[in-house]
Structure formats: structure tokens, C-alpha cells
Amino acid sequence: MLTFTKAILCAVVLAKYSIAAPAVGSSAPASSLASTAFASASSAVSSAFASASSAASASASSAASVSASAVASSASNALAHSGSTAPSSTSSAPPASETVPFASDDPNGPLWSEDSTSDPEAIRDTLGATVIGPQNIPIALQNPDLLAPPTTDEGSVQNAKWPFALSHNRLQTGGWARQQNVDVMPIAQSMAGVNMRLEPGAVRELHWHKTAEWSYVIKGSVQVTSINSDGQNYLGTASAGDLWYFPPGVPHSLQATDDDPDGTEFLLVFNDGAFSEDSTFLLTDWLAHVPKEVLAKNFKTNISAFDHIPSRQLYIFPAGTYTHVNACAAPPADNAKAVSDPQGEVPSPFVYHLSQVKATQLDGGSVKVVDSTTFPVSQAIAVAEVTVEPGAMRELHWHPTQDEWTYYLEGDGRVTLFAAQSNARTFNYNAGDVGFVPASFGHYVENIGNTTLRYLEIFATDRYQDISLNQWLALTPPDLVKAHLDLDDDTIAHLSKTKYTVVGPS
């Protein structure tokens, strides 16, 4: 039960609060509000007396008399201090400047480039100090926003950059392969990548994976072969700028053509961040670990037929490596056809000729999007090939449910990842670098170089999706946008109700 002392204290607070903070939209004069507050306080005291025990009635009456006087005095003092001016008939939230400070206008661009001739220092405006210990100058020049980050960076975001140049390379006769996975970039849990090179005629041997395999040809061309679980086969050629895709478990081979005297180089992406190229299921590796008696029984032939199979995996091998009279791995013919198949060919091709697709031209760049709606067999990976001209940027956006694995083909880019809870980190990217953006992280991609920036946005999904910040604000009630950002009417009127995707220079 409420005691007399607590009741009186509550009544005093109620009286003061009612005068100091009148209800929003109230037009009553201050004197009226004070009377109302005093009446509420008196009512609270009376209720306390009514519920008190009869044994303390005399004492309670005396206390009530004294306390009521105190309440009246307190209410009068509160009214005097509040002034006699009545509150406005309308009320609104305080301006942003009265809630939090305005965002700083301090310059936050990159402070140097890879071509700078002076040594980079850990200084931005009045912050930081010179580097007086050892410094890897080339790496510091490539990463200005790590050594001297913009003041908008805050908190902690995992490293989201990995140059393939730092990956251990597996050298083979006829080519090489290097990879990126969670071992070197732990943030990239959903996808991993391999950069592979084959000389003309060289073969990435017959193999398959537990994950899907998606590829983008960087240079040259590759002939691919495969069959599906229904025994239907496929043969096709992917040239520079083209894609191929093999579902999980579907066996295939890759062979460089001699269309380019250098052979080919390509990017492989797998929808598992823990993927390792060393864990591939290889034809030669398997047969080397099966008793020859079993091989003879399986293929209904003599054991001697397998006298020349390799004792260990080939992985990558060049044209014409075997001395056996029947062995041959010459560059494939331009007019090569799939082996005649009684089951027919696969219903959906494993190669997509992205190089022949016309890009959508944008203000400051271009984009090509490929997902399962245009490349039906690609059920686990989608891509956007984006170009950004100097001074332009891939607009502020995010991808609702899917991580973005990014590969930079040419140019110099800058990306800030917003990870919520005031965590933001800026990274710089060059050709050959891998980037990663977790799902729903806000970001942009800015061209900070003097040449076209071209890169791939790759997602472990069947459908490409993104949300534009500009479009979101344009399609939100203007008063709501203004209440958040205090933008003027002209700025709000210029918000775009359609996606820019790439924003040209101002």
C-alpha cells in the first residue's frame, strides 16, 4: 500500500511535471495547467488517506494538512519559474542540431595513390603522426584508407580485401592455380575463388566438386565438356568475357584453346567459403587408388589396358605429354563437336556468352546482370559486371539477403562497408583483388583512378537483388525523409524514383 510520505512526494513531482512539460498540442493557459496539476496532486493525497488504517487517522489528517500546503507552494513555485507564456498550439521534434551535432564537412578522400612519389604517413588533418618505424611503402600506397582512414570510419569491420598476388600459387607443367578462401579472408564464409591459367592446349583434368562451379573467362578461350546424371553430354567454348557453370557433382573438363597464343586465364567461384581447390575429385587421382583388378572388371577389359594410367593425380597437364601411342591432348579444334550421345545433349547449356550481351548504359558507367532468369542452369550463382567511369561511383546500396564476392578486373576502386552499430571501414581495391560485402551491409564503389573501373559482383543465389538508397528515400514520404535528414525541398525533389546503379560525376 502507498505510504503517506510516498504519496505526497509523488504528488509534488506530478505537479511540477505537469507544468514543466505540457501535453503536445495543448492550448490551455499555464494557470489552468497548474490548477489541473494541483487538483491531481490533491486527489492522489486524498486516495492515500482513504486507504489508510483508522488507527492512524488523526496523525494522517495532520500530515495531510501540512503536505497539502507543501504541494500548493511547490505548484506555485513551478508555475512562477515556467513563465506566463502559453505553449504553442503546434509542436514538432527538435532540430537535428539540438539532438546530435551535424555531420562534419571535413574532406575525407584518399590522401595518395599508388603513383604518389612521397612516402605515405598516418596523418589526416590534425589526427595521427608520422611513421618512424619500418614501413612497406608499396602496400601502404595501395591502401591509403587503411593507413590514414577517413574520419567517417569507426568501430570494427573484418578485413574485406584479399589480393590474389598474396595467395600461394600451385605451379604445374602447362599452367598454375591460386585460391582465396576463409583461410586467408575469414569474413568470406559463403564463397571462395580460384584464379587459374592454362597454356594453349593444356588441360584442367576431368573432375567434379561438391559445390557448384562458376567461371568468368578473363583472357583467351576454354573448351568445356561435361555430362549430367541422365547421361546427356555437352561441349562448348567460353571466350573472354563469357561464363560457364556446372552444378554440384557434375563432372567436367577444361582445356585452353589456341585462339590466343597465350592460352587462357579465368576466374572460378564456388558457393562455399571453405572450398579448397586441393579437395577436388580428380579422375586420375581416383583411378590411381582403385585396384587394377577392379578397374578391369568395371570396364570389362584386361588389366593390361591400364598399364599407362598415372600413379598420381595430373591436375593440370600440357598438350602431348604422354608417350603412349593413343595419348593425345592437342589444342581442341574450333569446330569440335560433342561425342554422339544416345541420350542427347543437356537441356540447358553450361556456357553463357556474356561477351555478346549488350551492356545497359548508365550515367557514369554500365552494367550486365546474369542470373537464372537468363542463364537457367546457373541456379546457385548470379553476377553483375559493372563499369564505373573516372569520377563516378556505384551508388549507395545493399543486397538484402546475399553476400557479395567481388573481383576487380581493372582500375582503382574505393569501398566503405557500413556494418550497423556505428561500425564502418573503408578499403581500396586494384585489379586482381578480391573484395567481400556481407549481406545487408551498406556500401558504394567509387572510381578513384583515371581509367575505367571494371569489376564483378558475384552472389551465391539464383536471382540478383539490390536496394538503392536514393530510390528508397525518393519513394518514402518527403516529410519523413526531412525529419530524419533535414534535407531541403529542392534536394528531396531531385531524389531518383528509379535506380541509378552507377552515378556519374557531378
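The values are calculated or read from the model by the stated rules, or taken from the named source; none is laboratory data. Note that the structure is a prediction, hence the values are computed from the model and not measured. Don't worry about glycine lacking a Cβ; one is built from the backbone with ideal geometry, like all the others, and counts go over all protein chains shown. Surface areas here come from the heavy atoms of the whole protein model, side chains and all, with no ligands, DNA or RNA. Shrake-Rupley method; radii C 1.70, N 1.55, O 1.52, S 1.80 Å.
Being surrounded by fewer than 12 Cβ atoms within 10 Å (Cβ to Cβ) and either more than 44 Å from the chain's Cα centre (by Cα) or closer than 30 Å to residue 436 by Cβ (or both) is true for just one of 361, 343. Which residue is that?
361
With the condition kept exactly as written, say whether any residue in segment 326-339 is of a type in the set (S, T, N, Q), touching a residue at least 24 places away in the same chain (Cβ under 8 Å) and either touching a Leu at 6+ places or on another chain (Cβ under 6 Å) or open to solvent by 50 Å² or more (accessible area, probe 1.4 Å) (or both).
Within segment 326-339, not a single residue is of a type in the set (S, T, N, Q), touching a residue at least 24 places away in the same chain (Cβ under 8 Å) and either touching a Leu at 6+ places or on another chain (Cβ under 6 Å) or open to solvent by 50 Å² or more (accessible area, probe 1.4 Å) (or both).
So which residues in segment 165-183 are in contact with a Lys or Arg (Cβ under 8 Å, 6 or more places away or on another chain), surrounded by fewer than 17 Cβ atoms within 10 Å (Cβ to Cβ) and in contact (Cβ under 8 Å) with a residue 24 or more places away in the chain?
Passing the criteria: 170, 176.
Here is a yes/no grid of residues against (1) in contact with a Ser or Thr (Cβ under 7 Å, 6 or more places away or on another chain); (2) of a type in the set (Val, Ile, Thr); (3) open to solvent by less than 70 Å² (accessible area, probe 1.4 Å); (4) free of Cβ contacts under 8 Å to residues at least 24 places away in the same chain:
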site	(1), (2), (3), (4)
100	no, yes, no, yes
134	no, no, no, yes
143	no, no, yes, no
191	no, no, yes, no
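Looking at this structure, is residue 377 in a strand (DSSP E or B) and either surrounded by 19 or more Cβ atoms within 10 Å (Cβ to Cβ) or modelled with pLDDT of 95 or more (or both)?
No, not satisfied.
Is it the case that residue 363 is over 23 Å from residue 179 (Cβ atoms) and in contact (Cβ under 8 Å) with a residue 24 or more places away in the chain?
When the stated conditions are applied, residue 363 passes them.
If residue 506 meets every condition in (1) out of contact with any Lys or Arg (no Cβ under 8 Å at 6 or more places or on another chain); (2) closer than 16 Å to residue 393 by Cα; (3) of a type in the set (S, T, N, Q); (4) assigned to a helix (DSSP H, G or I) apart from one, which number is that one?
Condition (4) is where residue 506 drops out.
Restricting the search to segment 346-358, which residues are open to solvent by less than 60 Å² (accessible area, probe 1.4 Å) and either in contact (Cβ under 8 Å) with a residue 24 or more places away in the chain or in contact with a Leu (Cβ under 9 Å, 6 or more places away or on another chain) (or both)?
Within segment 346-358, 346, 348, 350, 351, 352, 354, 355 meet the criteria.
So residue 201 ticks every box in (1) within 28 Å of residue 439 (Cβ to Cβ); (2) surrounded by 14 or more Cβ atoms within 10 Å (Cβ to Cβ) but one. Which box is left unticked?
(1) is the only condition that residue 201 fails.
For segment 205-239, enumerate the residues that are out of contact with any His (no Cβ under 9 Å at 6 or more places or on another chain), small (Gly, Ala, Ser) and under 20 Å from residue 383 (Cα atoms).
212, 215, 221
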